[in-house]
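Peer 1: One structure coming up, written as structure tokens, with questions to follow.
The values are calculated or read from the model by the stated rules, or taken from the named source; none is laboratory data. Everything numeric here is computed off the predicted structure, so don't read it as measured data. We place every Cβ from the backbone using ideal geometry, glycine too, and count neighbours over all the protein chains shown. For the accessible areas, the whole protein counts, side chains as well, though only heavy atoms, and no ligand, DNA or RNA atoms are used. Shrake-Rupley method; radii C 1.70, N 1.55, O 1.52, S 1.80 Å.
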Amino acid sequence: MQPEYLARLSEPVQQFILEVEKGAGVDIKVSLDPNLNEGGTTGQGNLAVNINAQRVRLFAPTNGYFPEGAVRHEVLHVQRFHVERVPKLVLAVHEKWDKGYSDRLCALDNAIEHIVIVPVELQFHPERREHWEAVMRDVCLGLPDAPECERPLAVCLHWTFLKHVLPNSPQVEVLRYFAKEHALLEKADRFADRFTSLAANKEELVRLLFFTFPETPRNRAALEYINSIKGTYQQPIPLTE
């Protein structure tokens with residue numbers, strides 16, 4: 001990361017970034033993007049990260065928004081994919097390009113990753129709880145508008161996040177009521193317990209997801225591994241639960 005951005009962060013966060021860069025074999029380059037200046041849970045903006053085998057770019061607003069907790073969050077993604085060799089859930093390379101399905105897989109992958117990453121983020125930056133409470137409040141408000149075919153998966157993933165990451169959140173009761181109203185609470189509880197037991201193994205988590213929700217086309221998706229030396233390669237989704 002460029003020295004001028006590292007200098008804006010505390011020593012522990014600087015050290016974490018340098019360790020991840022060393023382990024990944026790739027520098028994290030900060031790029032400013034005015035499109036990120038608004039939005040987010042505070043209205044101050046967002047950070048975003050793009051992770052490839054030979055390049056990692058951390059996008060930040062031009063308005064100076066660069067909070068330590070959000071920076072750590074994005075670098076945790078880099079650590080997972082580059083250092084820990086955790087695969088991404090992506091559109092299979094042999095499939096015809098389908099932006100809609102690719103975006104859906106990206107959202108699913110992000111949801112899985114957040115259940116694993118956010119507890120670490122909150123351990124170091126408890127002030128970020130306010131951010132994630134706001135995220136889940138918006139999520140719960142939007143659930144009634146979710147397409148019926150997508151409702152079970154959405155409920156199960158959000159319930160898992162709340163149980164595992166924010167068990168004392170006011171949104172737990174909000175989502176509990178919604179899940180019971182749609183006869184999904186028992187399924188969501190089973191999924192959350194199984195997910196938590198497999199949290200250390202991304203491949204098993206993805207297999208659980210496709211086994212529990214077979215309506216998601218498994219053969220169109222793949223697990224993609226990235227490495228600064230070997231490059232990018234894909235493996236098929238495991239076939240059985």
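Peer 1: Could you give the radius of gyration (one decimal) and Dmax (whole number) of the Cα atoms in the chain, in Å?
Peer 2: Computed over the Cα atoms of the chain, radius of gyration and Dmax are 18.2, 53 Å.
Peer 1: Right, next: Treat every Asp and Glu Cβ in the stretch 35-164 as -1 and every Lys and Arg Cβ as +1, leave all other atoms uncharged, and give the resulting dipole magnitude about the Cα centre to the nearest 20 debye.
Peer 2: Numbers: 14 positive and 17 negative charges, 79 e Å.
Using Cβ point charges on Lys, Arg, Asp and Glu, the stretch 35-164 gives about 380 debye.
Peer 1: Just to verify a number: what accessible area does Glu19 come out at with the full protein assembly present, 1.4 Å probe, Å² rounded to tens?
Peer 2: Its accessible surface works out to 110 Å², give or take rounding.
Peer 1: Over the chain, what is the percentage of antiparallel beta bridges among all DSSP beta bridges, to the nearest 5? Please list the in-between numbers first.
Peer 2: Working: 14 of 19 bridges.
DSSP beta bridges in the chain are roughly 75 percent antiparallel.
Peer 1: With +1 on each Lys and Arg Cβ and -1 on each Asp and Glu Cβ, and nothing else charged, work out how big the dipole of the stretch 7-60 is about its Cα centre, in Debye to the nearest 20.
Peer 2: 120
Peer 1: How about Lys230: which lysines have a C-alpha closer than 29 Å to its C-alpha, ignoring those fewer than 8 places off in the same chain?
Peer 2: Partners within reach: Lys22, Lys29, Lys88, Lys96, Lys99, Lys202.
Peer 1: Using only DSSP helix segments of four residues or longer, with each worth -39500 (n - 2.57), what per-residue ellipticity at 222 nm results for the chain after dividing by its residue count and rounding to 500?
Peer 2: Helix contribution divided over all residues of the chain: -15500 deg cm²/dmol.
Peer 1: Please work out the average accessible area per residue across the chain, using the 1.4 Å probe convention, and give it in Å².
Peer 2: 50
Peer 1: Less than 18 Å apart at the alpha-carbon level, and either on another chain or at least 8 residues along: which lysines does that give for Lys180?
Peer 2: Within reach: Lys163.
Peer 1: Counting only protein heavy atoms and using a 1.4 Å probe, what share of the accessible area of the chain belongs to carbon plus sulfur, as a whole percent? Don't skip to the end; give the middle numbers.
Peer 2: Values: 6310 of 12120 Å².
Using a 1.4 Å probe with all protein chains present, the chain comes out at 52 percent carbon and sulfur.
Peer 1: Then there is this: Assigning unit charges at the beta carbon (Lys, Arg +1; Asp, Glu -1) and nothing else, what dipole magnitude in debye, to the nearest 20, does the chain show about its Cα centre?
Peer 2: Computed charge dipole of the chain: roughly 540 debye.
Peer 1: Oh, and also: Apply 1/(1 + (r/R0)^6) to the Cβ-Cβ distance of Ala183 and Leu141, taking R0 = 25 Å, and write down the FRET efficiency to the nearest 0.05.
Peer 2: It comes out at approximately 0.75.
Peer 1: Sticking with this structure for a sec: Which loop trypsin sites (Lys or Arg not before Pro) in the stretch 198-238, with loop taken from DSSP, have no more than 13 other Cβ atoms within 10 angstrom of their Cβ?
Peer 2: Sparse-neighbourhood loop trypsin sites (Lys or Arg not before Pro): Lys230.
Peer 1: Follow-up. Would you look at the GNM of the chain, springs on alpha carbons closer than 10 Å, and say which of Pro67, Pro126, Pro217 moves the most?
Peer 2: Pro217
Peer 1: Need the full-extension length gain, Ala7 to Ala134, defined as separation in residues times 0.36 nm minus the C-alpha distance. One decimal, nm.
Peer 2: My answer for the length gained is 42.8 nm.
Peer 1: Which of Leu153, Phe124, Val206 sits closest to the plus end of the dipole of the stretch 121-241, meaning its Cα is farthest towards the positive end, when Lys and Arg get +1 and Asp and Glu get -1 on the C-beta?
Peer 2: Val206
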